[in-house]
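This report refers to the structure that appears directly beneath it.
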């Protein structure tokens with residue numbers, strides 16, 4: 001009898017977090033791939049996020065940390081593709097509480113994964129970096145050649161992992177692809193982030209807290225579009241993308257104040273609910289990403305308008321109040337934007 005090829009097996013680190021859990025749900029629906037999710041289940045990772053696929057026949061979960069070298073080597077030995085989305089990502093925490101945990105997870109964790117694939121080669125390694133590595137825009141839009149000027153300890157550790165991964169491509173010829181997604185939003189995002197924070201504050205009839213005067217703007221990418229882009233990277237010809245850095249963006253920036261106004265309007269709340277708090281240290285003024293390279297290399301372009309994506313996101317938070325009211329997702333301090 002002819003041999004039946006095994007389905008591609010994809011390891012997603014940080015799999016119980018916001019972006020990776022959305023990607024896992026997408027990839028299981030859109031492809032025949034098998035998925036292994038690895039997560040330490042810190043504050044931002046929750047099995048609730050994986051509940052829709054917890055019993056899926058092509059999904060398995062490993063509770064563990066990417067800083068655990070022995071565990072990582074064991075898991076990596078049995079996969080074809082790695083999507084490294086595990087990260088400490090709370091910008092304000094990196095500022096207020098120090099960068100130590102961010103360094104060990106974001107940089108050293110990435111190093112452990114990279115060394116593991118030197119011993120047990122994989123088809124490709126996709127690092128989820130961040131547009132925060134760019135700092136404030138020096139050009140409009142920001143392309144992949146934009147200088148790296150991270151403005152927070154979090155962003156600096158993402159830049160460190162980003163360049164470390166690239167060095168392993170250059171030095172060892174590993175099949176590395178680095179993506180720099182701009183600001184994601186969508187269902188199941190921790191309420192520390194600005195879009196769900198505004199939504200949950202408005203639903204609670206609480207003031208929408210805006211850092212500074214609210215002029216800071218970002219390029220907002222719906223998490224479903226992000227998932228489609230990663231799927232395209234897994235399917236693409238490796239010769240065309242190995243060693244590349246690829247922005248995932250919309251090419252449109254929207255200010256924090258405009259987001260607050262849109263949330264309030266969609267929920268029929270007064271603009272008087274906006275309130276301003278002290279500007280965050282290391283604030284980035286503007287982010288707007290070039291989409292040219294992603295379109296050229298992947299044939300990918302974000303398909304969700306911000307208005308449409310925001311409506312879907314508001315609907316999800318309105319219908320899933322128990323999720324965002326869970327104690328682990330309601331810190332007492334003012335959330336980060």
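Residues in region 293-310 that are more than 20 Å from the chain's Cα centre (by Cα) and surrounded by 13 or more Cβ atoms within 10 Å (Cβ to Cβ): 297 alone. Scanning region 8-63 for residues that are under 19 Å from the mean Cα position of the chain (by Cα) and in a loop (DSSP other than H, G, I, E, B) yields a total of 11.
Report whether or not residue 139 is within 14 Å of the chain's Cα centre (by Cα), farther than 24 Å from residue 276 by Cα and either without any contact (Cβ under 8 Å) to a residue 60 or more places away in the chain or surrounded by fewer than 22 Cβ atoms within 10 Å (Cβ to Cβ) (or both).
Judged against the criteria, residue 139 is not a match.
Of the residues that sit in region 117-136 and are part of a loop (DSSP other than H, G, I, E, B) and in contact with a helix residue (DSSP H, G or I) (Cβ under 8 Å, 6 or more places away or on another chain), which one is nearest to residue 178 (Cα to Cα)? First the steps, then the outcome.
In the first step, residues of region 117-136 are kept if they are part of a loop (DSSP other than H, G, I, E, B); the result is 120-123, 129-130, 135-136.
When the remaining residues are screened for being in contact with a helix residue (DSSP H, G or I) (Cβ under 8 Å, 6 or more places away or on another chain), the result is 120, 122-123, 129-130, 135.
Details: 120: 20, 122: 15, 123: 14, 129: 7, 130: 9, 135: 17 Å.
Going through the qualifying residues, I end up with 129.
Inside region 260-276, can you point out the residues that are at pLDDT 95 or above, assigned to a helix (DSSP H, G or I), in contact with a helix residue (DSSP H, G or I) (Cβ under 8 Å, 6 or more places away or on another chain) and more than 12 Å from residue 195 (Cα to Cα)? 266, the sole residue that qualifies.
Could you go through region 217-226 and let me know if any residue there is in a helix (DSSP H, G or I) and in contact with a strand residue (DSSP E or B) (Cβ under 6 Å, 6 or more places away or on another chain).
Of the residues in region 217-226, the ones in a helix (DSSP H, G or I) are 223-226.
Remaining after also requiring in contact with a strand residue (DSSP E or B) (Cβ under 6 Å, 6 or more places away or on another chain): 223, 226.
Looking for residues that are in a helix (DSSP H, G or I) and in contact with a strand residue (DSSP E or B) (Cβ under 6 Å, 6 or more places away or on another chain), one finds at least one in region 217-226, hence yes.
One residue alone among 248, 238 is loosely packed, with under 14 Cβ neighbours inside 10 Å, touching a strand residue (DSSP E or B) at 6+ places or on another chain (Cβ under 8 Å) and over 18 Å from residue 194 (Cβ atoms), and that residue is 238. Within region 30-49, being within 17 Å of residue 187 (Cα to Cα) and either surrounded by 21 or more Cβ atoms within 10 Å (Cβ to Cβ) or modelled with pLDDT of 95 or more (or both) holds for 44, 45, 46, 49.
Would you mind stating whether residue 95 is at pLDDT 95 or above and outside any loop (DSSP other than H, G, I, E, B)? Reasoning before the result, please.
Working: at pLDDT 95 or above: no; outside any loop (DSSP other than H, G, I, E, B): yes.
So residue 95 fails the test.
Within region 265-286, residues that are at positive phi and surrounded by 12 or more Cβ atoms within 10 Å (Cβ to Cβ) reach partners that are modelled with pLDDT of 80 or more and in a loop (DSSP other than H, G, I, E, B) with beta carbons closer than 8 Å, at six or more positions or on different chains, in the pairs 282/151; 282/152.
Any chance region 202-216 includes a residue that's in contact with a helix residue (DSSP H, G or I) (Cβ under 9 Å, 6 or more places away or on another chain), closer than 17 Å to residue 289 by Cα and either in contact (Cβ under 8 Å) with a residue 40 or more places away in the chain or assigned to a helix (DSSP H, G or I) (or both)?
Let us first name the residues in region 202-216 that are in contact with a helix residue (DSSP H, G or I) (Cβ under 9 Å, 6 or more places away or on another chain), namely 202-203, 205-216.
Filter once more, so that each one left must be closer than 17 Å to residue 289 by Cα: 216.
Next, only the ones that are either in contact (Cβ under 8 Å) with a residue 40 or more places away in the chain or assigned to a helix (DSSP H, G or I) (or both) stay: 216.
Within region 202-216 (the criterion being in contact with a helix residue (DSSP H, G or I) (Cβ under 9 Å, 6 or more places away or on another chain), closer than 17 Å to residue 289 by Cα and either in contact (Cβ under 8 Å) with a residue 40 or more places away in the chain or assigned to a helix (DSSP H, G or I) (or both)), the answer is yes, since at least one residue qualifies.
Residue 12 meets each of the listed conditions (1) touching a helix residue (DSSP H, G or I) at 6+ places or on another chain (Cβ under 9 Å); (2) modelled with pLDDT of 95 or more; (3) farther than 22 Å from residue 129 by Cα apart from (3).
Could you please let me know if residue 255 is under 22 Å from the mean Cα position of the chain (by Cα) and exposed (fewer than 14 other Cβ atoms within 10 Å of the Cβ)? Steps first, please.
Working: under 22 Å from the mean Cα position of the chain (by Cα): yes; exposed (fewer than 14 other Cβ atoms within 10 Å of the Cβ): no.
So residue 255 fails the test.
Taking the residues in region 104-129 that are under 24 Å from residue 287 (Cα atoms) and at pLDDT below 95 as candidates, determine which candidate is nearest to the chain's Cα centre (by Cα). Break it down stepwise before answering.
Initial filter on region 104-129 (under 24 Å from residue 287 (Cα atoms)): 106-107, 126-129.
In the following step, the residues that additionally are at pLDDT below 95 were identified as 106-107.
Numbers: 106: 13, 107: 16 Å.
Top of the filtered list is 106.
Residue-level check: of (1) on the phi > 0 side of the Ramachandran plot; (2) within 19 Å of the chain's Cα centre (by Cα), residue 173 misses just (2). Within region 178-194, does at least one residue satisfy the condition of being free of Cβ contacts under 8 Å to residues at least 40 places away in the same chain and either assigned to a loop (DSSP other than H, G, I, E, B) or surrounded by fewer than 24 Cβ atoms within 10 Å (Cβ to Cβ) (or both)? Among the residues of region 178-194, not one is free of Cβ contacts under 8 Å to residues at least 40 places away in the same chain and either assigned to a loop (DSSP other than H, G, I, E, B) or surrounded by fewer than 24 Cβ atoms within 10 Å (Cβ to Cβ) (or both), which makes the answer no.
The values are calculated or read from the model by the stated rules, or taken from the named source; none is laboratory data. Predicted, not measured: the structure shown is a model, and the values here were computed from it. Positions of Cβ are generated from backbone atoms using ideal geometry, with glycine treated the same way; all protein chains shown enter the neighbour counts.
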